[in-house]
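Structure, as structure tokens:
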Amino acid sequence: MNKSRNYILVVLIITSLLLAAPIRVLYRVDMRQDKLRTLDRGSGTYFSTVDLARILACRYYVNPERQKIVLYIANHRVKISAKSSFIIIDDQVLQMPMFTKVIGEDVYVPAEAFFSIIKRTVIPGLTYNSKRQMLDIDIVNFNIIGLAIEDKANGTIIRLQTKDQFKDGNISSFIHDNGWFYLTVVGGIADSSVIVRADYGKAVRRILVDQLDESVQLAFQLRPKIENQEVYLNRDPAEIVITLRTPVIDSMARLKSLRERWYLDTVVLDAGHGGKDGGAIGRYGTKEKDITLDIVKRVGLLLEKNTNIRVIYTREEDVFIPIAKRPKIANAANGKLFVSIHTNATSNRKIRGFETYLLRPGKTADAIEVATRENAVIKLEEQENNYFELSDEALIMATMAQSAFMKESELLAATIQSELAKRLKSPDRGVKQAGFYVLIGASMPNVLVETGFLSNAQEEKMLKKPSYRQKIAQSIYQAIVAFKNSREMVLAEE
Ligand SMILES: [Zn+2]
């Protein structure tokens, strides 16, 4: 009897020493009230975590051996250790200015510091007033509940998972010069711990969540420079989707792609005419289609033997190839150069010489005549190929599509002319321009070489000689090699 009375007395004394006035708890939802047991240690108010678990109705787990308590609050794991100033929320380590205390199996934590951390990380709707020892719980329903960031080749997609769909007018965003992207959502309550823990990918360096009363601002610090941004609201699933576009690819990748695009690894050789289209015919019956095929094969052989350039032929036999198909073959092969080889003809049988053409509206009557003759083949083609009228206007459009290659085409044409001039005694008629269907649509530098006039008896005789055709082939080959070297020198300078 005596013993137990003494025991009760001791407990009462200890309790009165340890326990201070409890923290009053107010639930905003139903104005219900409760109490949190506390300790008063001079250095501030400490409260029972076991009580907190009860009040928040959250699952908790106590490890008495290791003197740890883990609370599962709103999908977060809050780990509190005895006699430690650290609390671990999910994987985030946070520090309080004071150490926790242990009473039996319960851990008491400094109220002000703890609630401030919890408010910031787990329950924004929690407000602790240290003067009044009052805990106000407005259990918040987060409406921004997830984040996924995807890196794309030309930008980044940020998806904010939301509980319900927000209204367009409630969202504003901008990119600051300092490299931050700001998104403000009126009425948004962000589960910041989920957002901060997300996988940022390559483009996002840091995310800050600033929860205000009326809105939330999410700030994304970005690595790449952003060209523009777009925000739209997805209904199902409910998401705020942010598209941030970056200049296509980073500079290293850009340089690599530039090199690949420039690197002259494939040349397309086009032997003019073929099959039912014989092209020009000489006085002695020499057919253009045979001369062009022979020269093309000689150029190809030189390239294959002496360089690592891949050679693509639009035809390797005496077959008819529709004119529009030739640049298509070149594009499909990812060609870096297109050389169409022809022989010339005109009513004036005295005229001889070699000339190289660029695709542009014809400037002179001569040039237009050549183009008209070379284009005449389309009359032999079946209906399936629809050719637009090659008016100046249409040609300007076609030329513009090739403007990226025009400078290079000019260089190649000039080099072919000078190489031919080195080896042939025929007159150098220079670089000219006219509208050739065969050059339209080739996505690479392209030229058309008129190697000589079959209408001139002397030149026809020369063109019939394999040695003369070899000279022509050698010249075109040398021009291609010189073109390749000059282009790759530009690359080396980058
Ligand atoms: Zn021709």
Of the residues in region 92-102, those that are out of contact with any helix residue (DSSP H, G or I) (no Cβ under 7 Å at 6 or more places or on another chain), under 25 Å from Lys131 (Cβ atoms), touching a residue at least 24 places away in the same chain (Cβ under 8 Å) and assigned to a strand (DSSP E or B) come to Lys101
Scanning region 61-91 for residues that are assigned to a strand (DSSP E or B) and in contact with a helix residue (DSSP H, G or I) (Cβ under 7 Å, 6 or more places away or on another chain), the one surrounded by the most Cβ atoms within 10 Å (Cβ to Cβ) turns out to be Ile69
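From the residues in region 345-365 that are within 15 Å of the ligand (Cβ to nearest atom) and either outside any loop (DSSP other than H, G, I, E, B) or among the hydrophobic types (A, V, I, L, M, F, W, C) (or both), which one is modelled with the lowest pLDDT? Full working, then the answer.
Just the residues of region 345-365 that are within 15 Å of the ligand (Cβ to nearest atom), to begin with: 345-346, 354-357, 359.
Those still in the list that are either outside any loop (DSSP other than H, G, I, E, B) or among the hydrophobic types (A, V, I, L, M, F, W, C) (or both) too: 345, 354-357, 359.
Numbers: Ala345: 94, Phe354: 97, Glu355: 96, Thr356: 96, Tyr357: 94, Leu359: 87.
Here the answer is Leu359.
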Any residue at all in region 475-482 that's in contact with a helix residue (DSSP H, G or I) (Cβ under 9 Å, 6 or more places away or on another chain) and more than 22 Å from Val311 (Cβ to Cβ)?
no
Checked Val339, Val319 against criteria (within 16 Å of the ligand (Cβ to nearest atom), at negative phi and within 34 Å of the chain's Cα centre (by Cα)); the one match is Val339
All but one of (1) hydroxyl-bearing (Ser, Thr, Tyr); (2) in the same structural domain as Ile73 (by TED's automatic domain parsing); (3) in contact with an Asp or Glu (Cβ under 8 Å, 6 or more places away or on another chain) hold for Tyr108; state the number of the condition that does not hold.
(3)
In region 306-316, which residue that is open to solvent by 100 Å² or more (accessible area, probe 1.4 Å) and at pLDDT 95 or above is nearest to the chain's Cα centre (by Cα)?
Arg310
So, first residue over 21 Å from Leu463 (Cα atoms) in region 286-312, second residue within 16 Å of the ligand (Cβ to nearest atom) and polar (S, T, N, Q), Cβ within less than 9 Å, six or more apart or across chains; the pairs are none
Among (1) open to solvent by 20 Å² or more (accessible area, probe 1.4 Å); (2) modelled with pLDDT of 85 or more, the one test that Ala20 misses
(2)
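The values are calculated or read from the model by the stated rules, or taken from the named source; none is laboratory data. If you're wondering where the values come from, they're calculated on a predicted model, not measured in any experiment. Cβ sites come from the backbone with ideal geometry, for glycine too, and all protein chains shown count toward neighbours. What goes into the accessible areas is simple: the full protein's heavy atoms, side chains included, and nothing from ligands, DNA or RNA. Shrake-Rupley method; radii C 1.70, N 1.55, O 1.52, S 1.80 Å.
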